[in-house]
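S.K.: Before I ask anything, here is the structure I am working with.
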Amino acid sequence: MRANAIDTGFIERELKHLTPAPPMPHDLELGAAIAAILNEEAKVTRIEAHSPWRTAGWMPVGRRQRAFTFRHGQGSEQQVTLHYGKGPARASHWRT
């Protein structure tokens, strides 16, 4: 015969074991997130086609970079820097 050792405080005490954190996103997932952000921005740019900032055709030359920050739940963050412009695009990332 077994005793039932579950009480009303069980979930609170065991929450970390009952709901483990999902794994950190991998490079492919981070790249897909950046692509989705850039795609949404491109849609907005097409909608705002009459903006003087969009129609003048101004674009900085040379290599550029843009930083993205992704938060993993309530925990750590991942910083991704997209390097683009002249030549192939490259992304670098690190966890904080």
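FYI, it's all coordinate maths here, none of it is from the lab. Everything quoted here is computed from the prediction, not taken from an experiment. Cβ: placed from backbone, ideal geometry, glycine included. Neighbour counts: every protein chain shown.
S.K.: Quick check: residue separation of Leu38 and Asn4 times 0.36 nm, minus the Cα distance between them. What number comes out in nm?
M.R.: On the way: separation 34, 0.36 × 34 = 12.24 nm, distance 5.36 nm.
Here the segment from Leu38 to Asn4 would lengthen by 6.9 nm.
S.K.: Could I ask something else about it? 5 Å is the cut-off here: which amide hydrogens, built 1.01 Å from N in the peptide plane, fall below it relative to Ala91, excluding neighbours closer than 5 in sequence?
M.R.: His83
S.K.: Just to be sure I understand the model, the point goes 7 Å from the Cα along the line to the Cβ. What's the resulting Gln79 to His17 distance in nm?
M.R.: For the pair Gln79/His17, the computed spacing is 3.8 nm.
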